[in-house]
1. Cβ contacts < 7 Å: first residue within 13 Å of chain A (Cβ to nearest Cβ), restricted to the range B:144-170; second residue surrounded by fewer than 22 Cβ atoms within 10 Å (Cβ to Cβ) and of a type in the set (Ser, Thr, Tyr), any location; separation 6+ or different chain. Result?
2. When the residues of the range B:67-107 are narrowed to those that are surrounded by fewer than 22 Cβ atoms within 10 Å (Cβ to Cβ) and among the small types (Gly, Ala, Ser), which ends up farthest from the other protein chains (Cβ to nearest Cβ)?
3. Could you check the range A:51-84 and list, in sequence order, the residues that are surrounded by fewer than 24 Cβ atoms within 10 Å (Cβ to Cβ), within 7 Å of chain B (Cβ to nearest Cβ) and of a type in the set (Val, Ile, Thr)?
4. Residue by residue through the range B:26-49, note down the ones that are assigned to a helix (DSSP H, G or I) and open to solvent by 10 Å² or more (accessible area, probe 1.4 Å).
5. Given the condition open to solvent by less than 50 Å² (accessible area, probe 1.4 Å), among the charged types (D, E, K, R) and within 23 Å of A:MET155 (Cα to Cα), answer yes or no: does some residue in the range A:200-219 qualify?
6. Do you know which residues across the range B:208-251 are under 15 Å from the mean Cα position of the chain (by Cα) and open to solvent by 30 Å² or more (accessible area, probe 1.4 Å)?
7. Restrict the check to the range B:123-138 and report whether at least one residue is acidic (Asp, Glu) and over 17 Å from the mean Cα position of the chain (by Cα).
Amino acid sequence: METLAQDLTPEAQFQARIDADIRIEPKDWMPEAYRKTLIRQISQHAHSELVGMLPEGNWITRAPSLKRKSILLAKVQDEAGHGLYLYSAAETLGTSRDQMLADLHSGKAKYSSIFNYPTLSWADMGCVGWLVDGAAILNQVPLCRTSYGPYARAMVRVCKEESFHQRQGFEVMQTLCEGSVAQKEMAQESLNRWWWPTLMMFGPADDASPNTEQSMKWRIKRFTNDELRQKFVDMMVPQADFLGLTVPDEKVKWNEARQAYDFGEVNWEEFWAVVKGNGMCNHERLQARVQAHEEGAWVREAASAHAAKHAAREAVAA
Amino acid sequence: MSATQPEPAVAAAPTANPLFPFVLQLADTSLILAHRLSEWCGHGPVLEQDLALANIALDLLGEARSYYQYAAELEGRGRTEDDLAYLRSAVEYRNPLLVEQPNGDFAYTIVRQFLFDNFHYQLLKGLKDGPDTQLAAIAEKSLKEAAYHLKWSSEWMIRLGDGTPESRQRLDKAIATLWRFSGELTTPTAAETNLQELGLVPDYAALLPAMQAHTAHVLAEATVPVPEGVFAQQGGKSGRHSEHLGYLLTELQYMQRTYPGLTW
Amino acid sequence: MNNSEWPLWEVFIRSKQGLDHKHVGSLHAADAAMAVQNARDVYTRRLEGVSIWVVESKHIHASNPDEAAEFFDPAADKVYRHPTFYDVPDSIKHM
């Protein structure tokens, strides 16, 4: 076994470790493509957390009760934390947060398209938690076992904290659905807008997703896009029924033979349009991030300058 | 709906507990500042500080809720924390002017926070030993939070003052703009004087030496001179606010005003 | 003018008295005092800790994975270091 492993190419040894479910750690040898793909995937995930703060952040100042305000603020703050954990994980691969942010701000790096949709009513806080976080969790839970150690550990922390996010979203929806006619209408109107964009979160259909095979081999992706999309529909349709809401897809129907729900085709034209920057909020989301970063520059510089002065004074004193 | 009547909430029924308007004032103060800080969420200068700002906002929001709940109990008219926060107009709000001032740039936010924290910390120290057990309990819990807030804002005052020429210039500007709102914090209203005489609220004059000492220490580290002879702009604690509060409440109260009487 | 990013720090948290500090992740901060506070704000929001250590990442020296075999494999055959290596009659108690 020992001698055999030594005869293998580094690539083959690397793959053998992954196949044996042994985690890859920062200083271990890894193929350049693995490193690059991971940096792209983790930073994209981090960017999604960061940009994802904006649509919900919108409603912190308008939350309808003090309790909801606290919950929402804590939740959006968690997203900042999750972005931070993920940026840190990506940094172990030899990139810097500054570099990743520069790529986000220039439009080179992507983030989840869902955050380019506007939040227009309080019910959207329900839908974002219930549907969007629900979809995110399906993606994230398997990543707790992903092959790259720092990424897997960051995801364990994210998933642990994320568990309240979906529940609070569902609770917002439930409260609306048990409330007045206006509240129930608000809930349905919100579901109508978020359902399809949420299905798009899982990415293009498997036959249009060329990188999936390699990513699954590397165990940085553990289910295909279509598998997760199906899981999501199967999970959500009964929950919508429970709430007394109607999923805006006439083709949704239980398929006894498949033991799964059939559902309609996602509008891929819209999906690609939003990915390419033509969604309702692409421009303002990115603008908000760029602005925060640029306006924060003097603050970061001041802290660095002060730390340097302070260290110099300490050195003199010593 | 009692809240829509023009009578100021502080007048209430003649039998109302004299602590009610004061507790309400504490609640308004923490809520308004928490609201302002929460506006930073997602827009902070660096991710780590975005989290720090939200933590302070959450602490203050929690503190505000404790005060509102206690105020509602003291009032005894069946109003809830949300009724008090969402259904009172700007003239009924009793927060000092300082906390409603807009976030401005990070230097404004830091100066506003520093001035508030310095007072808040000393006030809570006094309240925690006060005779009203419920108020003392809230103060004791909040004191730990306020101690951390004061540390955070003090250190940022120093970094900005003794940082770069730009940070210094911005800090100077924020100090020049906001310092005039600090005097109101320690200038008692007639109602506060009354409570101080009853021994329910600490004497603000007695808090001043510790506050001034801390300010002197922090500003010295920040290499910034302590502003002197600044006119104290007042009115918030008596319901005479700056223009900013109306906009803030419009946003804060939007849902409750648009959809009255519902559960969320 | 300093345009470079704040340095990276590794964060170690003691989750309760009596336990070791454990590595939980990293963050950026301008200096050590800020790193401790940032760690508090980032990594202990849910009562995760009672004590924090931070170390600037560049000060951590690690073993080389390429030397893992010579570093660690030699310990693999020292079975006699483990109590299970020894047979003790069932009738002997407290050992």
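1. B:GLY161/B:THR223; B:ASP162/B:THR223
2. B:GLY76
3. Matches in the range A:51-84: A:THR61 only.
4. Let us first name the residues in the range B:26-49 that are assigned to a helix (DSSP H, G or I), namely B:26-38, B:47-49.
B:LEU26, B:THR29, B:ARG36, B:LEU47, listed by residue number.
5. No.
6. Matches in the range B:208-251: B:GLN234, B:SER238, B:HIS241, B:SER242, B:HIS244.
7. So in the range B:123-138, the residues acidic (Asp, Glu) come out as B:129, B:132.
If we keep only those that are over 17 Å from the mean Cα position of the chain (by Cα) too, we end up with B:129, B:132.
Within the range B:123-138, one or more residues are acidic (Asp, Glu) and over 17 Å from the mean Cα position of the chain (by Cα).
Results for (1) closer than 30 Å to A:TRP59 by Cα; (2) in a loop (DSSP other than H, G, I, E, B), shown as yes or no for each residue.
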position	(1), (2)
B:MET211	no, no
B:HIS214	no, no
B:HIS217	no, no
B:VAL224	no, yes
B:GLU228	no, yes
B:ALA232	no, yes
B:SER242	yes, yes
B:THR250	yes, no
B:MET255	yes, no
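The values are calculated or read from the model by the stated rules, or taken from the named source; none is laboratory data. Every value quoted in this text rests on a predicted model; they were computed, and no experiment measured them. Cβ atoms come from the backbone with ideal geometry, glycine included; neighbour counts cover every protein chain shown. SASA here: full protein model, heavy atoms, side chains in, ligands and nucleic acids out. Shrake-Rupley method; radii C 1.70, N 1.55, O 1.52, S 1.80 Å.
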